Every structure is written in C-alpha cells, then in structure tokens.
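The values are calculated or read from the model by the stated rules, or taken from the named source; none is laboratory data. Note that this is a predicted model, so its numbers are computed, not measured. Note that we place each Cβ from the backbone using ideal geometry, even for glycine, and neighbour counts take in every protein chain shown.
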Amino acid sequence: MPAPDLDTIVSLAKRRGFVFPSAEIYGGFANTYDYGPLGAELKRNIRDAWWRAMVRERDDVVGIDAAMMTNPRVWVASGHTETFNDPLVDCKECRQRFRPDHIEEGQYGEPARDEAGNVRCPSCGGELTEPRLFNLMFQTQVGTVADEGSIAYLPPETAQGMFVNFKNILETSRKRPPFGIAQVGKSFRNEITPGNFVFRTREFEQMELEFFVPPDDAPQWYEYWLAERLEWYADLGIPGHQLRLRAHDADELSHYSSGTSDVEFLFPWGWGELEGIANRGDYDLRQHAEHSGQKLEYFDQASGERYVPHVIEPAAGATRALMAFLLAAYRTESVNDEERTVLGLHPRLAPYKVAVLPLSRKEPLPALATEVLGLCQPHWMCDYDETQAIGRRYRRQDEIGTPLCVTVDFDSIDDRCVTVRDRDTMTQNRVPIDALVEHLTARLDL
Ligand code: GAP
C-alpha cells in the first residue's frame with residue numbers, strides 16, 4: 001500500500017492526541033509542536049528503544065545527561081560559533097528570508113529569474129539581497145548582568161557533551177577504546193526553512209553516540225555502525241523499501257568528516273535523512289584539547305602507546321524518527337465493507353500496549369474491568385475505555401496502534417475469562433484472568 005500523504009498523518013496526529021500545533025489557543029507558533037499524551041509516550045518509547053539497543057544491551061557504551069547551557073568556549077572549540085552558518089538572502093520588497101540553495105533546488109517551485117539570470121524572490125518576485133551568513137545557534141543570557149561574559153547558547157547538538165566529558169568517563173567508568181558515550185536530549189537550531197511537520201523544527205530531540213576507537217580501527221567501526229543503525233530501524237518495523245543508506249559525496253562532507261552516510265526514509269516528498277553516521281576522525285578531541293589545554297587522549301598500559309582516539313558518530317533525530325515510524329505504520333484496509341485505519345506500530349513503540357474494555361458500563365463489568373486493568377498496569381502502559389459500542393472502541397485502538405485489547409463481557413463474571421483481541425489479525429482468544437499477564441507478556445514480546 002502506498003505511504004500516506006503528509007496531511008493524513010498530521011491530521012491523525014492531531015485528532016488522536018499525538019502532536020498538536022504549539023500554543024494553539026494563541027494561534028500557534030510557526031513550525032512548533034507540542035506532543036500530546038500519545039505522542040509523549042511514542043517519543044519516550046523511541047528514546048527507550050534507542051537507549052536499550054545502544055546503552056543497556058551493550059557493555060561498551062555508557063550514557064550521560066550533560067547540561068544544555070554550558071561554557072560557550074565549547075561551541076568555539078567545536079567550530080559552531082565560526083562555521084555553523086547558513087547563507088541567507090532577504091527580499092527587498094516583501095522582506096522574506098530564504099536560503100539561496102533551497103531556491104535553486106526548486107523548493108519553492110521553478111526559480112523566477114530576471115533578464116540577467118539572477119534569482120528573484122520566490123514569494124513576490126522582488127529583488128534579493130546578496131547572501132549573508134547567519135549563525136543557527138540560539139543565544140541567551142545567563143545571570144543578571146547582560147554583558148559579553150553572560151552569553152550562553154542553546155545546544156545545536158547533544159554531541160559536544162560527550163567530547164567534553166571524555167576524560168571524566170575514561171577516569172571513572174573503566175572503559176577503554178573501543179567504547180562509546182551516548183546521550184539523548186533536546187537540540188535547538190534557528191533553522192531558516194523549518195517545515196514538513198516535525199521533520200525540521202527549531203527545537204527537536206537527538207539521540208547521539210560518540211564511539212571512540214583506536215585510529216586504525218575507525219574504518220571497520222564505521223562499517224559496523226552503518227549496519228547496526230540500519231537494522232535498528234528495520235527491527236522496529238520500517239519496511240525495507242522505505243529505508244536506505246546513502247553515502248555522502250565528497251562535496252557534502254562536513255569539514256571534520258572523512259566519511260558520512262545517512263540512514264534515509266522515504267517520506268511523502270521523497271528520501272530524507274533520519275540519521276547521519278560520520279567518521280569524525282580525531283577532530284573533536286583535538287579541538288577540545290587545544291582549546292581547553294587538557295590532554296584528551298588514551299594511554300594504553302598494555303602496549304605503552306598513547307593516542308587520540310578516532311570517533312564514529314551515529315547521530316539520530318528522535319522527533320524525525322517519530323514521524324517516520326508514524327508514516328511507516330499507517331495503513332487502511334477494508335473489513336466487511338467498512339474501512340479501518342491501523343497504526344501497525346511495533347509493540348515496543350506503541351503508546352498503549354493494552355486497552356481494557358468492559359463490554360458495558362453496567363456493573364459489575366466496570367468493577368471487573370478495573371480489576372483486570374490493575375493486573376496489567378504494573379507491566380504496561382494501558383488505556384481504559386468504557387464509552388461507545390465495542391466495534392468503535394476497537395477501531396479507535398487500531399488507529400492509535402494498541403496491539404492488544406482485553407474485553408470484559410458478561411460471561412467474564414461467571415467464567416473469569418476475558419477476550420484478547422489482536423490489532424493486526426483481529427483474531428480473538430478467550431483467556432483466563434489468572435493467566436492474562438503471562439499470556440499478554442508472551443504476545444507482546446517486548
Ligand atoms: N552531532 C552531529 C549532528 O548533529 P546532524 O546531521 O546535524 O548531525 C543529526 O543531526 C540528526 O538530527 C539528523 O539526522 C536529524 O534526524 C536530526 N535533526 C537535525 N536537525 C533537525 C531539525 N532541525 N529538526 C528535526 N530533526 C533534526
């Protein structure tokens with residue numbers, strides 16, 4: 001079945017409480033979104049799945065949670081104050097701003113040109129200024145006195161937290177290369193052209209790993225992480241035809257990178273980056289060593305060798321991944337001449353794992369259903385719903401991706417059994433309440 005268009009997902013996300021336009025009662029805030037009850041769960045599950053694969057189930061990666069606002073010298077050393085710029089042009093007539101490369105790429109349709117061949121404003125046809133560089137970092141002030149020394153930046157990536165803590169981790173965690181430091185957190189970029197829902201926003205979430213390796217081993221670890229990261233998305237349900245790895249051409253590489261590949265997803269408008277995997281060499285540790293005056297290297301006691309490790313960096317966007325998982329999971333199908341919408345999310349990602357549904361609001365069904373809910377809640381995020389006809393409640397759970405529904409009916413009172421209904425196959429099984437947790441555990445296979 002073809003991927004849904006963007007409007008379909010945006011409208012489902014809003015209607016069911018995944019993602020709302022931010023501060024909607026004030027008319028919103030351009031390209032800014034709030035995550036509702038289901039979106040918050042889905043995003044948390046994505047982060048947890050990442051942390052589980054990258055930190056918990058490995059013995060060569062540790063996690064950190066670094067401060068967002070930190071010493072601004074970090075951003076000087078990383079190169080962000082100097083080079084984290086996009087060129088910008090302004091329209092002299094309508095005052096709108098554009099990235100000239102986006103105009104040339106045709107993001108606003110076929111570029112309009114004057115007789116001399118110069119590009120004109122895509123919005124009003126007016127004359128554009130010469131390009132000027134615009135730094136994407138958000139500046140703020142720390143403390144009560146507004147002077148040079150009080151400037152701080154919101155982080156444009158989480159990665160620098162790992163580099164500045166390299167020495168601390170080496171000294172406290174007993175890890176030695178090859179080992180990694182991972183972090184999940186918010187990042188902020190004053191993007192000139194945000195858009196496509198949560199694909200590109202000014203505030204977003206990243207999940208990044210900096211993996212430190214002996215220099216000679218960097219190429220093989222780069223290959224290793226390409227395969228690992230592609231598999232992570234596939235294991236969580238993104239079908240092969242919507243997923244690919246694309247190696248950057250030489251002219252696309254960042255100044256520090258000797259190799260970068262993107263994991264890409266087939267979005268409704270074409271292929272787009274989900275994650276970049278870069279071989280960053282020793283650039284970051286050398287920069288921070290130089291700027292801080294500290295030694296950032298590893299001394300191998302066995303060989304007596306001292307070296308600056310090289311870094312392989314898989315850098316993923318959690319909010320962008322959320323959008324890809326929603327798009328990949330969405331399907332509609334016809335059942336008995338009725339259409340049903342299903343979010344076939346992997347159970348690990350589904351906001352609710354189980355929904356408990358009493359067939360009727362007449363006691364003692366709600367009382368028994370509450371008892372069943374109490375059995376499930378310690379294990380999984382559950383929904384409870386006693387309104388509307390049962391068929392409509394199933395459809396609602398299908399549409400928000402709940403893998404299993406547990407229905408409590410009048411027979412349940414006598415036989416202490418409930419019906420477990422499967423989202424994907426719609427099959428129903430009768431299960432004793434006493435065996436329910438075990439049954440659901442096996443079915444969910446989290
Ligand atoms: N430390 C390297 C780094 O930050 P990046 O390619 O700029 O690399 C990594 O970012 C990932 O973060 C991207 O692949 C994307 O998923 C996500 N990302 C970057 N900018 C974003 C934005 N403005 N909105 C949403 N996600 C973004």
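Regarding Q287, is this residue assigned to a loop (DSSP other than H, G, I, E, B), surrounded by fewer than 23 Cβ atoms within 10 Å (Cβ to Cβ) and either in contact (Cβ under 8 Å) with a residue 60 or more places away in the chain or among the β-branched types (V, I, T) (or both)?
Criteria not met by Q287.
Of the conditions (1) among the aromatic types (F, W, Y); (2) assigned to a strand (DSSP E or B); (3) in contact with a Leu (Cβ under 9 Å, 6 or more places away or on another chain), Y233 fails just one. Which one is it?
Every condition holds for Y233 apart from (2).
Among the strands (runs of 3 or more DSSP E) confined wholly to segment 328-369, which include 1 or more residues that are charged (D, E, K, R), farther than 19 Å from T407 by Cα and touching a strand residue (DSSP E or B) at 6+ places or on another chain (Cβ under 8 Å)?
Once the strands (runs of 3 or more DSSP E) in segment 328-369 are filtered for at least 1 residues that are charged (D, E, K, R), farther than 19 Å from T407 by Cα and touching a strand residue (DSSP E or B) at 6+ places or on another chain (Cβ under 8 Å), what remains is 330-335, 338-343.
State which residue is nearest to R340 (Cα to Cα) when the search covers only segment 389-440 and only residues that are among the acidic types (D, E) and touching a residue at least 60 places away in the same chain (Cβ under 8 Å).
So the residue we want is E399.
Do the conditions hold for D60, that is, is it among the charged types (D, E, K, R) and not assigned by TED's automatic domain parsing to the domain that holds D282?
Here the answer is no, as D60 does not meet what is asked.
Which condition number does R340 fail, the rest of (1) of a type in the set (K, R); (2) surrounded by 14 or more Cβ atoms within 10 Å (Cβ to Cβ); (3) assigned by TED's automatic domain parsing to the domain that holds T425 being met?
In the conditions (1) of a type in the set (K, R); (2) surrounded by 14 or more Cβ atoms within 10 Å (Cβ to Cβ); (3) assigned by TED's automatic domain parsing to the domain that holds T425, R340 misses (3) alone.
Checking the conditions here, which among G304, G240, G270 is surrounded by fewer than 12 Cβ atoms within 10 Å (Cβ to Cβ) and over 30 Å from L327 (Cα atoms)?
Step by step, each of G304, G240, G270 is checked, and only G304 is surrounded by fewer than 12 Cβ atoms within 10 Å (Cβ to Cβ) and over 30 Å from L327 (Cα atoms).
Do we have R320 as surrounded by 15 or more Cβ atoms within 10 Å (Cβ to Cβ), more than 14 Å from the ligand (Cβ to nearest atom) and either modelled with pLDDT under 95 or not in a strand (DSSP E or B) (or both) here?
no
If you check L327 against the conditions, is it touching an Asp or Glu at 6+ places or on another chain (Cβ under 6 Å) and over 20 Å from L446 (Cβ atoms)?
no
Mind telling me which of the residues E93, E82 ends up being modelled with pLDDT of 90 or more, surrounded by 13 or more Cβ atoms within 10 Å (Cβ to Cβ) and acidic (D, E)?
Residue meeting the stated conditions: E93.
Any idea which residue in segment 371-401 is nearest to K353 (Cα to Cα), counting only those that are touching a Pro at 6+ places or on another chain (Cβ under 8 Å) and not in a helix (DSSP H, G or I)?
Among residues in segment 371-401 that are touching a Pro at 6+ places or on another chain (Cβ under 8 Å) and not in a helix (DSSP H, G or I), the one nearest to K353 (Cα to Cα) is M381.
Just one of (1) surrounded by 12 or more Cβ atoms within 10 Å (Cβ to Cβ); (2) more than 16 Å from the ligand (Cβ to nearest atom) trips up P314, so point out which.
Here P314 clears every test but (2).
Without any contact (Cβ under 8 Å) to a residue 40 or more places away in the chain, touching a Phe, Trp or Tyr at 6+ places or on another chain (Cβ under 9 Å) and within 16 Å of the ligand (Cβ to nearest atom) - does that describe any residue in segment 125-143?
Scanning segment 125-143 turns up no residue that is without any contact (Cβ under 8 Å) to a residue 40 or more places away in the chain, touching a Phe, Trp or Tyr at 6+ places or on another chain (Cβ under 9 Å) and within 16 Å of the ligand (Cβ to nearest atom).
Filter segment 191-203 down to residues that are over 15 Å from I9 (Cβ atoms) and at pLDDT below 95 and give me whichever is nearest to the ligand (Cβ to nearest atom).
E191
Looking at the structure I just gave you, is A159 more than 23 Å from F18 (Cα to Cα), within 9 Å of the ligand (Cβ to nearest atom) and either more than 18 Å from the chain's Cα centre (by Cα) or of a type in the set (A, V, I, L, M, F, W, C) (or both)?
Yes, satisfied.
Residues of segment 23-68 being assigned to a loop (DSSP other than H, G, I, E, B) and within 23 Å of P194 (Cβ to Cβ), which ones?
Selection gives A23, G27, G28, F29, A30, N31, T32, G36, M68.
Determine the pairs where a residue that is touching a residue at least 40 places away in the same chain (Cβ under 8 Å), located within segment 146-172, has a partner that is part of a helix (DSSP H, G or I) and more than 15 Å from the ligand (Cβ to nearest atom) with Cβ atoms under 9 Å apart, the partner being 6 or more residues away or on another chain.
Y153/T81; M162/I169; V164/S292
Inside segment 204-236, can you point out the residues that are within 11 Å of the ligand (Cβ to nearest atom) and surrounded by fewer than 21 Cβ atoms within 10 Å (Cβ to Cβ)?
F204, the sole residue that qualifies.
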